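Scroll down for the structure; my scribbles are underneath it.
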Amino acid sequence: MRNAALWFDKKLGLEEHSIAHYAWVIVGIAGVVQMVGAAIRMAFGVLIDPLVAAFGWTPGSIGLAYALMSIVTALSSPLAGYLGNRFGARKTMAAGTVLFFIGMMWTSQTKEIWELYVAYGIVFGVSQALLLVPVVPAVASWFRRHLGLGTGIMMVSWSLGPALVVQVLAVLFNTVGWSQAFMIVGIAGTATLAVILLFFRNTPEEAGKVAYGTYSSDKPLVTSGNIFVSTQQEFQGYVYKTNAFWNLINIHFLGCVGHAVILVGIIPLGISKGLGPLTAAGVLTTISIVSVITRLIAPILSERLSAKTVMFIAFFGQGVGVFLLLTANSTLDFYIFAVVWAIPYGGEGTAFPVVNRQYYGHSPMGTTYGWQLLGAGLGMALGGVLPGMVFDITGTYTWAIILSAAFSLAGAASIVLLDKSKRQLIPDWPVMETGAVSTDAAARSPVRSNQPGSNPVSGD
Amino acid sequence: MKLASSNEPMDISSPELDGFEIKRRPFLGFGLLMSSVIGTLAVLIYFGAWASTDRIENRALAAGVTESHAEGEWWEDGLIFACPLH
């Protein structure tokens with residue numbers, strides 16, 4: 001029996017994995033940061049009606065705060081990525097937590113529309129970038145190998161967070177009102193972030209541990225000091241000079257326009273086709289739940305097979321899948337669409353950290369990822385306004401569906417023009433020359449312990 | 001236990017760049033990005049001009065005048081001017 005278990009472990013590559021590693025704590029913290037940070041943003045829809053009722057503002061003017069927040073977050077992302085590289089993700093996220101608290105409290109006390117724009121649009125928008133951008137590269141630094149698995153688990157929170165917080169906010173709005181609901185979520189969110197950041201460490205070296213997936217033959221990477229800063233600037237210069245850097249921004253933008261049109265437009269489209277509001281909302285919930293599967297699997301497959309191939313399939317599927325909506329007229333049609341489309345949609349954006357690792361090795365990816373999120377954020381903002389704009393003009397959502405498909409398929413075409421993702425585009429990030437080199441037999445043995453300097457092949 | 005050597009100053013010379021993508025100017029990637037920006041602007045101008053035409057038509061109908069006599073807002077005129085299809 002034991003032999004059979006060992007055979008399966010070896011066949012599936014499980015002998016290289018261990019649950020007892022601090023990298024999983026970091027993944028868990030990153031998941032909670034994403035959940036707290038992104039969920040309030042995703043749950044903006046539930047804020048509109050209470051604000052209309054309280055102040056008589058139009059939905060359009062309230063929606064402008066969301067658009068402003070999306071654009072501010074997008075524009076702040078490269079800077080947030082740079083700050084994460086330069087000062088560490090922990091300090092950057094701590095600053096984001098302070099702004100999160102100010103933004104939430106100010107929003108809760110809003111009396112004028114301009115206050116909503118400043119508090120939610122600008123302050124909260126910057127906090128989103130400071131919280132959500134540096135955390136992904138920080139997780140990457142905790143994985144010498146198997147980044148796909150770490151990324152996949154972390155990305156699941158993108159779906160679960162909003163689904164959870166929308167329900168909590170809806171209950172709070174009904175019981176204590178929108179203002180107190182924002183205060184409660186702001187205080188609880190800030191407290192949660194403050195506590196978990198106490199346990200966050202920017203790099204394994206900072207925590208006195210080794211990265212997950214480190215072999216005994218691996219020399220430690222340069223992760224701090226003056227050399228780190230200057231080398232990082234030099235390597236970022238190399239990254240800027242690759243086609244992939246610019247194309248990945250472009251691809252993230254196109255993919256996000258493609259799915260934002262659907263995520264924003266699916267409920268009004270469903271209602272326009274005769275679905276009830278709750279049934280239409282259920283379509284969106286189904287998309288969120290089903291997409292969890294590919295959010296988890298896509299980065300793992302990207303690492304094992306080819307990130308370029310997985311990304312192409314996701315973008316192509318996302319683009320072609322929306323055509324189901326052109327003939328969708330019944331509840332069943334919409335739910336079939338939700339299940340079919342959510343599979344490629346879930347894999348659309350989650351492979352980026354893996355492809356960054358494949359192209360740029362262990363070079364710090366904060367700034368690079370920040371630029372990619374700039375593309376993504378602008379894409380989400382554009383995709384958010386297109387359905388309403390097109391409906392106002394044409395009276396149907398047909399053109400919005402066609403545009404969604406066109407943007408996703410343009411993204412798929414751009415992926416074809418990427419370099420092979422198994423090939424590193426820039427030199428290897430430097431390693432410390434003081435690391436121990438072991439014999440060939442032990443060289444590919446994973447270091448099972450968290451602690452550097454422990455017996456490389458010992459068990460936990 | 002911390003990695004004692006992590007913060008020690010080291011002299012790291014620039015790596016050999018032969019064989020990597022960084023020797024080329026990234027025309028392809030930058031060109032694709034610019035194509036998307038231009039394509040997106042074209043879509044926005046097209047639909048914006050379509051919306052502007054509708055708005056001007058509606059105002060003309062409401063005022064009982066011909067379309068050419070209805071005044072457009074500056075941004076409506078700008079979008080219609082920029083769009084070759086309207």
Residues whose modelled amide H sits under 5 Å from the amide H of A:Tyr215, counting only those 5 or more places away in sequence or on another chain, are A:Val447
Using only Cα atoms, locate the centre of the range A:279-301 and the centre of the range A:350-399, then give the distance between them in Å, rounded to an integer. 17
Tell me the Rg and the Dmax, in Å, that the Cα atoms of the range A:235-421 produce. 16.8, 55
How large is ³J(HN,Hα) for each residue in the range A:163-170, as worked out from phi by the Karplus curve 6.51 cos²θ - 1.76 cosθ + 1.60 (θ = phi - 60°), to whole Hz, x for Gly and Pro? 4, 6, 6, 4, 5, 4, 5, 4
Which residues qualify? For A:Met432, with a placed amide H closer than 5 Å and at least 5 residues away or on another chain, they are A:Leu221, A:Val222
Kindly rank B:25-36, A:315-326 from highest to lowest mean number of other beta carbons found within 10 Å of each residue. A:315-326, B:25-36
Pairing the Cα long axis of helix A:89-108 with the longest principal axis of chain A, what angle in degrees results, from 0 to 90 and rounded to the nearest 10? 20
Peptide ranges A:67-79, A:375-387, A:195-207 listed from the most packed, as the mean C-beta count within 10 angstrom indicates: A:375-387, A:67-79, A:195-207
Once Lys and Arg get +1 and Asp and Glu get -1 on their Cβ, which of A:Trp114, A:Ala38, A:Pro59 lies farthest toward the positive end of the dipole of the protein assembly as shown? A:Ala38
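Sorting A:Glu303, B:Glu57 on the 10 Å Cβ count, fewest up front, what's the list?
Details: A:Glu303 26, B:Glu57 12.
Lowest to highest Cβ neighbour count: B:Glu57, A:Glu303.
Go ahead and run the numbers for FRET between A:Phe55 and B:Asp77, Cβ-Cβ distance against an R0 of 45 Å, rounding to 0.05. Kindly include the intermediate steps, with their values, before the conclusion.
Values: r = 33 Å, r/R0 = 0.74.
According to the calculation, E is roughly 0.85.
How much mean residue ellipticity at 222 nm does chain A get from its helices, if each DSSP H run of length 4 or more adds -39500 (n - 2.57) and you divide by all residues, to the nearest 500 deg cm²/dmol?
Working: 19 runs with 330 residues, N = 460.
Calculated at 222 nm, the ellipticity per residue is -24000 deg cm²/dmol.
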Just tell me how shielded B:36-43 is by partners: mean number of partner chain Cβ atoms within 10 Å of each residue's Cβ, no decimals. 5
Between helix A:178-198 and chain A, what is the angle of the helix's C-alpha long axis to the longest principal axis, kept within 0 to 90° and rounded to the nearest 10? 0
Label point distance in nm, B:Met34-A:Asn174, each placed 7 Å from Cα along Cα→Cβ: 5.4
Note, A:Leu83: beta-carbon cut-off 13 Å, +1 each Lys/Arg, -1 each Asp/Glu, net +3
FRET E, pair A:Lys111, B:Glu16, Förster distance 60 Å, beta-carbon r, rounded to 0.05: 0.45
3J(HN,Hα) from dihedral phi, the range A:357-362, Karplus parametrisation 6.51/-1.76/1.60, rounded to Hz, x for glycine, proline: 5, 5, 7, 10, x, 8
Quick one: which of A:182-190, B:60-68 comes out on top by average Cβ neighbours within 10 Å, and what's the full order, highest first? A:182-190, B:60-68
Can you give me the C-alpha center-to-center distance between the range A:102-156 and the range A:207-249, rounded to a whole angstrom? 23
Surrounding net charge for A:Lys219, when Lys and Arg each add one and Asp and Glu each subtract one, Cβ distance under 11 Å: -2
Phi to ³J(HN,Hα) by Karplus 6.51 cos²θ - 1.76 cosθ + 1.60 over the range A:67-78, Hz, x for Gly, Pro: 4, 4, 4, 4, 5, 4, 4, 4, 5, 7, 4, x
Debye, to nearest 20: dipole size of the range A:20-205, +1 on Lys, Arg Cβ, -1 on Asp, Glu Cβ: 580
Amide H contacts under 5 Å for A:Phe143, placed H, 5+ residues apart: A:Tyr212
For the charge dipole of chain A, defined by +1 on Lys and Arg C-beta atoms and -1 on Asp and Glu C-beta atoms about the Cα centroid, which residue among A:Ser230, A:Leu131, A:Leu386 has the Cα displaced farthest towards the positive pole? A:Ser230
Within 10 Å of each Cβ in A:390-397, the average number of Cβ atoms from other chains: 3
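Work out the mean other chain Cβ neighbour count within 10 Å for the residues of A:195-202 and drop it here as an integer. Before the final figure, lay out the partial values.
On the way: counts 0, 0, 0, 0, 0, 0, 0, 0.
Per residue, the average neighbour count from other chains is 0.
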Only counting other Cβ atoms within 10 Å, I'd like A:Leu417, A:Leu278, B:Leu41, A:Leu221 sorted with the fewest neighbours first. A:Leu278, B:Leu41, A:Leu417, A:Leu221
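For every other residue with a beta carbon closer than 14 angstrom to the beta carbon of A:Phe55, add +1 if it is Lys or Arg and -1 if Asp or Glu, then tell me the sum.
-2
Could you calculate, for chain A, the ratio of the Cα radius of gyration to the Kirkwood radius, expressed as Rg to Rh? Please list the in-between numbers first.
Numbers: Rg = 22.5 Å, Rh = 22.9 Å.
Expressed as Rg/Rh, it is 0.98.
Bear in mind that the values in this text are calculations on the coordinates, not laboratory data. Note that the structure is a prediction, hence the values are computed from the model and not measured. Neighbour counts run over all protein chains shown; Cβ positions are idealised from the backbone, glycine included.
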